[in-house]
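What follows is calculated from the coordinates using simple rules that are stated; it is not laboratory data. Remember, predicted model here, so these are calculated numbers, not experimental data. All Cβ positions, even for glycine, are placed from backbone atoms using ideal geometry, and neighbour counts span all protein chains on display.
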């Protein structure tokens, strides 16, 4: 049996879990084993109905009076108990910050190796996996032992695919035995920035700025364009380090990893750490004065020139549309 963790935040699904389920379904077919999912917390209950379309035949809803919000240790301990109870062959999660964190706790508690950010899984003795390393600039071939196999699936690599004949879903509840130490790190308060603005991870269009924007005030034209396109504003690490934008707006290896339909990079050189964050974009438009900027090698479209001249012209044309 393959056990797959469906990641959510207070009932809101992280779409990376669907990529993980797509790869998990392929692995289940190779192993001739069922694909089952785990949802943690009562707020996740409604997500169970979405899972059969991705090959899941059974969902375990983990319930506990203290599992009212995310907690890596508590989630990890719950998964260890469930995996042992159901004799799981493989435990999967999405290779997100949370997915990797939870699975690290699973690995530590079970004293097992963990293969993170995998793109290919080949069953055998031992398993062979292909992993993304160094921010996606390197593919590593590795062997994975242990029982069960613990794996996270790299984000924005696997194309999500539904099946045409989903099985009837069975939902069971599972109550783990948790201790006070499982809740040593927990969420006690949430502070939201940006009000009702679209988040970077949800936006279909992201307009990002880097050193070339020039100042915090220079981002105003990016804000205007993003608002006109129904998108969000991002920033490079240089822009956040200079205090022009909040770290919450950072796109990159140490910021948000996004997959919008269109990513507009304004005045960004394109260091590998930034490219890691935006490589999942469907299309990339680069606006830069430097024809040799590294990000141009990843661009689908490019405009060579001053962003403070180009963006107002683009906004003016958009404003002519009905």
_Over the chain: helical MRE at 222 nm, DSSP H runs n ≥ 4 each giving -39500 (n - 2.57), nearest 500_ = -7500 deg cm²/dmol
*Relative packing of 186-192, 106-112, 47-53, which averages over residues the other C-beta atoms within 10 Å, highest first*: 47-53, 106-112, 186-192
_Could you list 103, 1 so that the one with the fewest beta carbons within 10 Å of its beta carbon is first and the one with the most is last?_
1, 103
*Evaluate the distance, in nm, between pseudo-label points positioned 7 Å from the Cα of residue 46 and of residue 261 along their respective Cα→Cβ axes.*
2.5
_Can you tell me the orientation of helix 97-110 relative to the chain, as the angle in degrees between its alpha-carbon axis and the longest Cα principal axis, to the nearest 10?_
30
*Translational D (Stokes-Einstein, µm²/s) of the range 170-257 at 20 °C and 1.002 mPa s when Rh comes from the Kirkwood sum over C-alpha pairs?*
139
_Chain lengthening between residue 97 and residue 306 when straightened (0.36 nm per residue, less Cα-Cα)_ = 71.7 nm
*Starting from the Kirkwood radius over alpha-carbon pairs of the range 205-319, derive D by Stokes-Einstein at 10 °C in a medium of 1.306 mPa s and give it in µm² s⁻¹.*
118
_Folded to 0 to 90 degrees: helix 220-229 orientation relative to the chain principal axis, Cα_ = 60
*What percent antiparallel are the DSSP beta bridges of the chain, to the nearest 5?*
20
*Per q in 0.14, 0.15 1/Å, what log10 I(q)/I(0) does a Debye calculation on the alpha-carbon atoms of the range 2-183 return?*
-0.69, -0.80
*Length gain on complete extension for the stretch residue 320 to residue 282, per 0.36 nm per residue less the alpha carbon to alpha carbon distance?*
11.1 nm
*How far is it, in nm, from the label point at residue 162 to the one at residue 125 when both lie 7 Å from their Cα along the line to the Cβ?*
4.0
*So, by mean Cβ neighbours within 10 angstrom, what's the order for 141-150, 122-131 with the highest one leading?*
141-150, 122-131
*Using Cα atoms only, what is the angle between the long axis of helix 16-31 and the major principal axis of the chain, expressed in degrees (0 to 90) to the nearest 10?*
40
_Taking only Cα atoms of the chain, radius of gyration then Dmax in Å_ = 21.4, 63
*Listed highest first by mean packing, meaning other Cβ atoms within 10 Å per residue, what order do 63-71, 206-214, 254-262 come in?*
206-214, 254-262, 63-71
